[in-house]
Amino acid sequence: MFISKMILSGGSRRKDKFWQIFDNEYALHQAVWDLFGDRPDRERDFLYRLETIGKWPVVYAVSERRPADSSELWDMETKEYDPKVKADVRLGFTVRVNPTRKRDGKRHDVVMDWKYKSRSGDAGEEKKRLLAELVAETCTNWLKERGENNGFETLSLRADGYRQNRFIKKKSGLPVRYSTVDFTGTLKVRDEQRFKKMLFEGLGPEKGFGCGLMLVRRI
């Protein structure tokens, strides 16, 4: 496995491809996919997270293959990734996820799902809570539940940046809708095999749109 950091190169803004990337949000995600798309039928074998520094994107990725930039837009730093994790070790982490639950055979945003229950009368007085409190509780509970199945226990946790993302796929014209929330905190590894598998395969759905990559550090 490899871990990479990719930033737009200094001369990229002089190229037409650069402005195509910023045509819409979907185009930016597609530009990341192009870094790993060595053939048309290639299935996703990478995780990524898209950030911005100032106005420009920065991409972090964990992948089975090294990224390749045919557009010559990116400066890339890539190294082998084989994290040494053991049970009971404590790590700092950050992760962007799409927190959903299944209901009626479909995936529903956990915040919107709570609002649905509130409208149906199942949430009682809880419906009066502020959105920030609602996001913190519902999303935090979601992550803690996933931790049990992925070999870690959260010790401290902060939920920020809840966002509902909407855009249109350029080729198909189909709408894309999903929510994201950013978590920062500390954790304890409980099962090193499950935890390492999660670092490579991601956490939760919508990995194709930059969710699920957990970045960790020693503390």
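Observations on the structure shown:
- Any hit, the stretch 11-18, residues being outside any loop (DSSP other than H, G, I, E, B), open to solvent by less than 60 Å² (accessible area, probe 1.4 Å) and of a type in the set (S, T, N, Q): yes
- Index of the failed condition, L28 passing every other in (1) touching a helix residue (DSSP H, G or I) at 6+ places or on another chain (Cβ under 8 Å); (2) modelled with pLDDT under 80: (2)
- Count of the stretch 77-89 residues which are surrounded by 14 or more Cβ atoms within 10 Å (Cβ to Cβ) and outside any strand (DSSP E or B): 4
- Scanning the stretch 19-76 for residues that are of a type in the set (A, V, I, L, M, F, W, C), assigned to a helix (DSSP H, G or I) and open to solvent by 50 Å² or more (accessible area, probe 1.4 Å) yields W19, W33.
- Filtered residues of the stretch 133-164 (kept if over 14 Å from G185 (Cα atoms) and either of a type in the set (K, R) or in contact with a Phe, Trp or Tyr (Cβ under 7 Å, 6 or more places away or on another chain) (or both)): L134, V135, T138, R146, N150, G151, R163
- Yes/no for N98 being surrounded by 17 or more Cβ atoms within 10 Å (Cβ to Cβ), of a type in the set (S, T, N, Q) and modelled with pLDDT of 85 or more: yes
- Within the span defined as the stretch 155-163, every residue fails to be of a type in the set (D, E, K, R), within 19 Å of the chain's Cα centre (by Cα), within 24 Å of W33 (Cα to Cα) and buried (at least 16 other Cβ atoms within 10 Å of the Cβ).
- Among the helices (runs of 4 or more DSSP H) confined to the stretch 108-219, the ones with at least 3 residues that are modelled with pLDDT under 90 and more than 18 Å from Y60 (Cβ to Cβ) are located at 110-119, 131-149.
- Residue satisfying condition, being within 26 Å of G151 (Cα to Cα), in contact with a helix residue (DSSP H, G or I) (Cβ under 6 Å, 6 or more places away or on another chain) and among the small types (G, A, S), within set A61, A87: A87
The values are calculated or read from the model by the stated rules, or taken from the named source; none is laboratory data. Every value quoted in this text rests on a predicted model; they were computed, and no experiment measured them. All Cβ positions, glycine included, derive from the backbone under ideal geometry; neighbour counts span all protein chains shown. We work out accessible area using only protein heavy atoms, side chains counted, and drop any ligands, DNA or RNA first. Shrake-Rupley method; radii C 1.70, N 1.55, O 1.52, S 1.80 Å.
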